[in-house]
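Here it is: the structure, laid out below.
Please treat every number below as a calculation from the coordinates, not as lab data. No experiment lies behind these values; they were computed from the predicted model shown. FYI the Cβ positions are ideal-geometry reconstructions off the backbone, even for glycines, and counts take in every protein chain you see.
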Amino acid sequence: MEFNVLKFGGTSMKDHQSWKQVLTIIEDYEFPVVIVSATAHTTRMLVEAAELAAAKDMQSALVISREIRERHLSIVEDFLNENETEKKALILDSCRKKVDEKIGKLEKLLGYIQKNGQLLPQMKDAVASMGEQISSYLFAQCGLAAGLMTQHIEARKIIKTDKEYGKANPNIYEINQRCGSLETVLENGFIPVIGGYYGEASDHTITTLGFEGSDYTASLIGGALNAATIEIWTDVSGVYTSDPRQIDKARPIPELSYFDATEMAYFGAKILHPSTLKPAQERNIPVLVKNIFEPGHEGTRIVRESDHQQPALALSFKKDIATLTVSAYETVMGYSFLTEVFRVLNHFRLPVDAVSTTEASVTIALEDSGKLDQLSKEFLETGSVSLERNKGLISVIGCDLKKAPELTEKVFQCLDKDTPDLISFSKEKRILNLVLPEEDLTDTAQNIHNRLFD
Ligand code: ADP
Ligand code: MG
C-alpha cells in the first residue's frame with residue numbers, strides 16, 4: 001500500500017467552500033491520511049479567550065467561545081445545504097452534539113483558568129487544541145456527507161509526547177507503534193482524518209507541538225507510515241523565494257533540499273513548522289507544498305538533494321528582534337567570556353538567531369521575548385551590556401558560495417541607508433543574516449529580493 005499524508009492548514013479550513021475543495025483533492029488519492037488544522041483564526045481566538053479568563057474577564061471569554069460555536073455550526077449547516085445527502089439529519093445531529101460537548105469542555109476550562117487567575121501552560125494547551133479537536137470531527141462528518149469514507153481518528157491516540165507544554169517533543173517510538181492502527185483503517189477502505197497540532201503526554205494531559213504544529217503532525221505520521229509523500233496543502237503554490245503576501249514578485253521555488261527548507265522555516269518563512277522536515281528526511285520522503293486553489297500547479301517539492309543556479313535561494317525576514325551586546329569588563333580569555341555568555345543563554349533557554357563576536361565582546365540577535373531585561377541583568381556579571389529593541393532580521397538562504405562576491409555586492413548595495421547592526425555569514429549553513437532597524441525591514445527586504453531574484 002502506498003500512503004499519502006495530506007495536511008490542510010487553517011486557510012484551507014476557512015469555510016464550507018474550502019472544505020468542499022479540500023474533499024475534492026482528497027478524492028484523487030487511493031490511500032490518503034488527512035491532517036487538518038483548526039479553522040482560520042480559531043486558535044488565536046481560543047488563546048485570547050484563555051487570557052481573558054485568566055484576567056478574570058469571563059464574560060468576554062465566553063463571547064469568544066460562543067462565536068467559535070456558531071461559526072463551526074454554520075460551516076457544517078452551509079456544507080450540508082450545498083451537499084444534499086439522506087444522512088443529513090443524522091450528521092447534523094452528531095455535529096451539534098460534538099460541538100456542544102467540546103464547547104462545554106472549553107467553558108469549563110475557562111472557568112478553571114479564571115479561578116486560578118493565571119494561565120498555566122498545561123491549561124493553555126488544553127484550550128488551544130480545541131480548534132483542531134472540533135474541526136477534525138466536523139470535517140470527517142462533512143466528508144461522509146460528500147460520499148467519502150472519512151473516519152475521524154482522535155489525535156491523542158497517536159501523537160504521544162513529553163510534557164513540554166506549548167512545544168512538546170514527540171515520542172517517535174510510540175507514534176510509530178500507534179500508526180499501525182491507521183493502516184488497518186485504510187485497509188478497510190476508510191480515510192483517517194486527524195486533528196493536527198496536538199497530542200497527549202503519558203499522563204493523558206493534552207500537549208501542543210508549537211506554532212504551525214499541524215505540519216509537524218503530518219510529517220510525524222508520514223514518517224511512521226513510511227508514506228510515499230507528505231503533502232502540505234495551503235493557500236499559495238509552494239515555498240516562494242519570499243513571503244508572497246509581503247514581497248512583490250516573490251515566486252515559487254520548484255525544488256528545495258530538506259536542508260534549505262529547514263533553514264527557511266527557522267528563519268521566519270512561516271509556511272512550515274521548523275521540525276517538519278526531520279521525520280521526512282530520515283526516511284527520504286518527499287514533502288510537497290501545494291495550493292488547494294490551484295491543485296494543478298506543481299508547487300514545491302522538498303527532497304534530499306537539490307541544486308540551483310541562483311546566487312541564493314530565498315529570503316526571509318522577521319520583526320521583533322533585539323540585539324544584546326555584552327562587552328567584557330576587562331581583558332579576559334575569549335573562551336571563558338564566551339562560555340559564560342552562552343551559559344546564561346542556555347539557562348534562560350533562549351534560542352539565538354545570529355551572533356557576531358570578538359574575543360571580548362559579543363552581539364547576539366534574538367527574538368524580543370519578555371525575558372530580555374532579566375537576561376541583560378544576568379549578563380552584567382560578565383560585562384557591560386547594551387540592549388537594543390525594534391530590530392528586524394533578514395536572512396538570505398541557500399547562498400551559493402561560488403557566487404559569494406556577486407551575492408554580497410548585491411545585498412550591500414541595498415543597505416546604503418543604514419549600517420546593519422549585525423552581519424553574520426555561515427558557510428556551513430549557507431546563510432547570510434543581517435540585523436537592521438525594524439522600520440527599514442520590509443523595504444530593505446523588498447530591495448534585496450528585487451536585486452537577487454529579478
Ligand atoms: P496554513 O494555514 O495552510 O498553514 P500558513 O498561513 O501557515 O498556511 O502558511 C501559508 C502562508 O505563509 C502564505 O499565505 C504566505 O503568506 C506565508 N509565507 C511566508 N513565507 C513564505 C514563503 N517563503 N513561501 C510561501 N509562503 C510564505
Ligand atoms: Mg501553516
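Run the quick spin-label model on Lys319 and Ser74: label points 7 Å from Cα toward the beta carbon, then report their separation in nm to one decimal.
Computed distance between label sites Lys319 and Ser74 equals 2.9 nm.
What length, rounded to one decimal in nm, is gained on full extension from Phe211 through to Phe293, with 0.36 nm per residue of separation minus their alpha-carbon distance?
Stretched fully, the Phe211-Phe293 segment lengthens by 27.2 nm.
R0 = 41 Å: FRET efficiency of Glu409 with Val47, Cβ-based, nearest 0.05?
0.40
A further question follows. Against the longest principal axis of the chain, how steep is helix 42-54, in degrees 0 to 90 to the nearest 10, with axes from Cα atoms?
80 degrees
List the aspartates and glutamates whose Cα sits under 12 Å from the Cα of Lys163, skipping any in the same chain fewer than 8 residues away.
Straight-distance partners of Lys163: Asp125, Glu200, Asp203.
If the cut-off is 16 Å between C-alpha atoms, which lysines fall inside it for Lys410, apart from same-chain ones fewer than 8 positions away?
Leaving aside lysines fewer than 8 places away in the same chain, those within reach of Lys410 are Lys402.
For region 116-230, what does the alpha-carbon gyration tensor say about shape, rounded, prolate or oblate, given a ≥ b ≥ c as the root eigenvalues, a/c under 1.5 as rounded, and a/b over b/c as prolate?
Oblate, because a/c is 1.5 or more while a/b does not exceed b/c.
Give the Cα extents of the chain along the principal axes, in whole Å, largest first.
Here the spans come out as 78, 55, 39 Å, largest first.
Another question, then. For region 75-136 and region 219-252, write down the distance between their C-alpha centroids in whole Å.
Region 75-136 and region 219-252 have Cα centres separated by 28 Å.
Any idea what angle helix 213-225 forms with the longest principal axis of the chain, computed on alpha-carbon atoms, 0 to 90 degrees, nearest 10?
70 degrees
Follow-up question, since we're still on this one. Looking at region 329-383, which trypsin sites (Lys or Arg not before Pro) are DSSP coil and have at most 15 other C-beta atoms within 10 Å of their C-beta?
Those that pass, being in a loop and sparsely packed, are Arg349, Lys371.
Taking Cα atoms, how many degrees apart are the long axis of helix 16-27 and the longest axis of the chain, rounded to 10 and kept between 0 and 90?
90 degrees
For region 280-345 and region 138-167, write down the distance between their C-alpha centroids in whole Å.
30 Å
Count neighbours as other Cβ atoms within 10 Å of each site's Cβ, and list the trypsin sites (Lys or Arg not before Pro) in region 236-296 that are DSSP loop with at most 16 such neighbours.
Filter output for region 236-296: Arg245, Lys249, Lys270.
A further question follows. For Ala38, which sequence-distant residues (separation of 5 or more, or a different chain) have an amide H within less than 5 Å of its own amide H, given hydrogens modelled in the peptide plane?
Amide H neighbours of Ala38: Glu132.
Which links in Lys14/Lys108; Lys88/Lys157; Lys403/Lys427; Lys7/Lys319; Lys14/Lys290 stretch past 23 Å when you go from one Cα to the other?
Lys14/Lys108; Lys88/Lys157; Lys7/Lys319
Counting other beta carbons within 10 Å of each Cβ, put Phe190, Phe8 in order, fewest first.
The order, fewest Cβ neighbours first, is Phe190, Phe8.
Nearest 20 debye, what's the magnitude of the dipole of region 1-64 about its Cα centre given +1 on Lys and Arg Cβ and -1 on Asp and Glu Cβ?
Here the size comes out at about 240 debye.
Would you list, by chain and number, the aspartates and glutamates whose Cα falls below 16 Å from the Cα of Lys115, excluding same-chain residues fewer than 8 positions away?
Cα-Cα hits under 16 Å: Glu51, Asp57, Glu107.
Right, another one. Based on DSSP, what percent of beta bridges with both residues in the chain are antiparallel, to the nearest 5?
The antiparallel fraction comes to roughly 60 percent.
Please identify every one of the GluC sites (Glu not before Pro) in region 354-425 that sits in a loop by DSSP and has no more than 11 other beta carbons within 10 Å of its own beta carbon.
Passing sites in region 354-425 are Glu381.
Multiply the residue gap between Thr419 and Thr24 by 0.36 nm, knock off their C-alpha separation, and tell me the result in nm, one decimal place.
137.1 nm
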